[in-house]
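A quick write-up on the structure given underneath.
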């Protein structure tokens, strides 16, 4: 599904990340594990095309990211990648439903309110469509963020530290939600986390330390 | 979902700051519109009332005062002039029309004007009811006078000495014999009568009070206050006023010139007020800059996530620009409404400004410019925040969490 080859990402003279080769198949579940500062965020940013590698090539869904520029890259990202950030970042001025519709709109798709509702129903939020994010619990807000990430049927679903601030029960539920949603759209799931509790759930792991694969 | 809805949601979200900036813009634009309408109305009223009067002749004194008294009927006249001398000008080949006017009395704040029937035609007025005067103390009242005082044909009223009321009363009452149709000109606010009425009123007055005001009954020594002159050709402008001023005891004043002079004095005040109003608009624009810029600290996460969701740099800038333009246009539109509304209220509340009530909602061509300016200032206000949005490092912001 994606291949990273001969990747180096430097900030000035400092090497932030080096991955000789990382390949993932369609529908696989990957965990990028490692302490903070190990290069997890850099790896995610490279996968989504937000960051360019200093050297090496990245091919996602058959698309060489180096070949995409500007708004074409943005559009590709909107349609191909679903991203659940650690802090969720729901748009506070929009309702739950509008947050999901926004993802469709910004990806350049026509907004499909039935699909948006169905996606929110699949994460158990059908009763909260008109709520503002500030009126949601942490768990509910995370569900909205997941719905927003999967509404466009992404080939690649990425979550950054999704369980960091959750108790065991909620961490397990979140993981279950992510895997079921990834399965639903046959997406490859990549979770970056330093949370030891969720290691067992992943068949594939990329262990990072000081910017290198261990 | 679209860009407009997203921007509108931000405008709604920022509650108090939005409301304050909107208010500032509204006040600034409202003041500008108010001034524009008022000066347009004042100018057109001055022009309308002065139309057809090329020259006013009266006693020596301030030419502006003479014009104010004789054409706009707002000031006391400079004095009286011999009727004979005024009538001599009638024979001048350069004069097409000369209408003598005698002032001195009023009723209920409306001036009683002794004159000849030509004055009615001069203002393009016509009788709505009744007839013209044919005897002393017959009066024809203007439309406003009839409406406000309730006088109608057959009504009787007593004039008082002086132009603003409060003077002594005259013994002989006036009889209303005619009412004029509304013209939108100064004649609506006048009570017209024959010259003889004024002479007789003041002859009585003189006998009773030994007061020197007014005219004698003796034909040769009869006086009027002033005379309105219409030229046969514009060429008369060159010589006639100078001749009158130099060679007679009369003074000639040009309404067009005096009105322009008056308006230039008034215009200075308008310009200063307009500058203040512009200052309000600039303050509002700055308010929008500050509000947007401060919101950027929080908004950077929204912008980062929007970029993550597929929005291009141009599109996230567009959200900010649109938000600012929405705010500015809303402020401008509300300001336009406020300005027009204020003018209409002035018209409703002040009887002297009654014509404003109907003129208040006529649109000015300058209003299109106000909208254009508002949109432009909206764009300007959003430039710095939009630049920040354009350059945002999405990966860093999202990772920062």
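Observations on the structure shown:
- Solution diffusion estimate, µm²/s, Stokes-Einstein, the range A:38-152, Kirkwood Rh from C-alpha pairs, 25 °C, viscosity 0.890 mPa s: 162 µm²/s
- Taking Cα atoms only, the orientation of helix B:3-13 departs from the longest principal axis of chain B by about 80 degrees.
- Using a Gaussian network model of chain A in which every pair of alpha carbons under 10 angstrom is joined by a spring, one finds that among A:98, A:160, A:20 the greatest mean-square fluctuation is at A:20.
- Pairwise centroid distance, computed over Cα atoms, of the range B:64-101 with the range A:1-68, Å: 96 Å
- Relative contact order computed over chain B (Cα-Cα under 8 Å; 6+ residues apart), in percent: 25 percent
- Pairwise FRET efficiency - residue B:272 versus residue A:14, Cβ, R0 = 56 Å, nearest 0.05: 0.35
- Cα-based convex hull volume of the range A:95-212 per residue, rounded to whole Å³: 122 Å³
- Expressed as a whole percent, the proportion of Cα-Cα pairs in chain B lying more than 39 Å apart is 41%.
- In degrees, nearest ten, helix B:195-209 long axis to first principal axis of chain B (Cα): 70 degrees
- Chain A: angle of helix A:96-106 to the longest principal axis, Cα-based, in degrees nearest 10: 50 degrees
- The range B:246-295 and the range A:77-132 have Cα centres spaced 53 Å apart.
- Estimated FRET transfer efficiency when R0 is 51 angstrom, pair residue A:55-residue B:23 (beta carbons, to 0.05): 0.35
- The label point for residue B:76 and the one for residue B:242, both projected 7 Å from the Cα toward the Cβ, are 3.4 nm apart.
- Label positions at residue A:172 and residue B:282, each projected 7 Å from the Cα along the C-beta direction, are separated by 6.7 nm.
- Shape of the range B:263-401, Cα gyration tensor, a/c cut at 1.5: prolate
- Rounded D (µm²/s) - the range B:55-253, Kirkwood Rh over Cα pairs, Stokes-Einstein at 37 °C, 0.692 mPa s: 194 µm²/s
- Compactness of chain A, taken as the C-alpha radius of gyration over 2.2 N^0.38 Å, stands at 1.00.
- Relative contact order computed over chain A (Cα-Cα under 8 Å; 6+ residues apart), in percent: 31 percent
- The protection proxy used here, the mean number of other Cβ atoms lying within 10 Å of each residue, ranks peptides A:75-83, B:149-157 as follows, highest first: A:75-83, B:149-157.
- Euclidean distance of C-alpha centroids, the range B:20-60 and the range B:318-375, integer Å: 16 Å
- Debye log10 I(q)/I(0) for the protein assembly as shown, one point scatterer per Cα, at q = 0.08, 0.11 Å⁻¹: -0.68, -1.00
- Taking A:40, B:400, B:148 and counting other C-beta atoms within 10 Å, the order from fewest to most: B:400, B:148, A:40
- With the cut-off at under 20 Å, measuring from each backbone N in the range B:23-39 to a point 7 Å along the Cα-to-Cβ line of residue B:147 picks out B:38.
- Gained length - residue B:2 relative to residue B:40, 0.36 nm times residue gap less alpha-carbon distance: 9.5 nm
- Cα gyration tensor category, rounded, prolate or oblate, for the range A:157-214 with a/c compared to 1.5: oblate
- Ranked by how many other Cβ atoms sit within 10 Å of their own Cβ, fewest first, the residues B:60, A:127 fall in the order A:127, B:60.
Read-outs throughout are calculated quantities, based only on the coordinates presented, and are distinct from any laboratory measurement. Fair warning: this is a prediction, and the values are worked out from it, not measured in the lab. Glycine gets a Cβ as well: all are built from the backbone with ideal geometry, and neighbour counts include every protein chain shown.
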